[in-house]
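Let me begin by presenting the structure, written as structure tokens, before commenting on it.
The values are calculated or read from the model by the stated rules, or taken from the named source; none is laboratory data. As the structure is a prediction and not an experimental result, all values here were calculated from the model. All Cβ positions, even for glycine, are placed from backbone atoms using ideal geometry, and neighbour counts span all protein chains on display. These area figures cover heavy atoms from the full protein model, side chains too; ligands, DNA and RNA do not enter into them. Shrake-Rupley method; radii C 1.70, N 1.55, O 1.52, S 1.80 Å.
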Amino acid sequence: VWLVRGGARCSQSLFELMTKRLLHAPIGYFETTPLGRILNRFTYDMEALDMTLTISMAVLTLGLSWFVASLVIMSTLLPWLILALVPITL
């Protein structure tokens, strides 16, 4: 759930920032740049963010779950390992 909310918040933040910058652009920019090119740039940037963010968050979640699972298994099999890990983490 927090992955989806974080991704949506990030996309919304980028969209608002891009819109703000576009609305504050000088008139000369709109005279020289076709509207289709501006729209294509918006959609491409949003799609790239959504795809990259989704993949990165999936990899992060998978990596963290593997890490936690390995710590649980090691601690279960070798309880004295916890004593060695505590000074390392502090």
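Of the residues making up the range 49-90, those that are of a type outside the set (Ser, Thr, Tyr), under 30 Å from GLY7 (Cα atoms) and surrounded by 11 or more Cβ atoms within 10 Å (Cβ to Cβ) are LEU49, ASP50, LEU53, MET57, ALA58, LEU60, LEU71. Among the candidates GLY28, GLY36, GLY7, GLY63, the residue that is in a helix (DSSP H, G or I) and either in contact (Cβ under 8 Å) with a residue 40 or more places away in the chain or aliphatic (A, V, I, L, M) (or both) is uniquely GLY7. Of the set (1) open to solvent by less than 60 Å² (accessible area, probe 1.4 Å); (2) of a type outside the set (Asp, Glu); (3) under 29 Å from the mean Cα position of the chain (by Cα), all apply to GLY28 but (3).
Residues considered: ILE38, ILE27. Of these, the only one that is in contact with a helix residue (DSSP H, G or I) (Cβ under 9 Å, 6 or more places away or on another chain) and at pLDDT 90 or above is ILE38.
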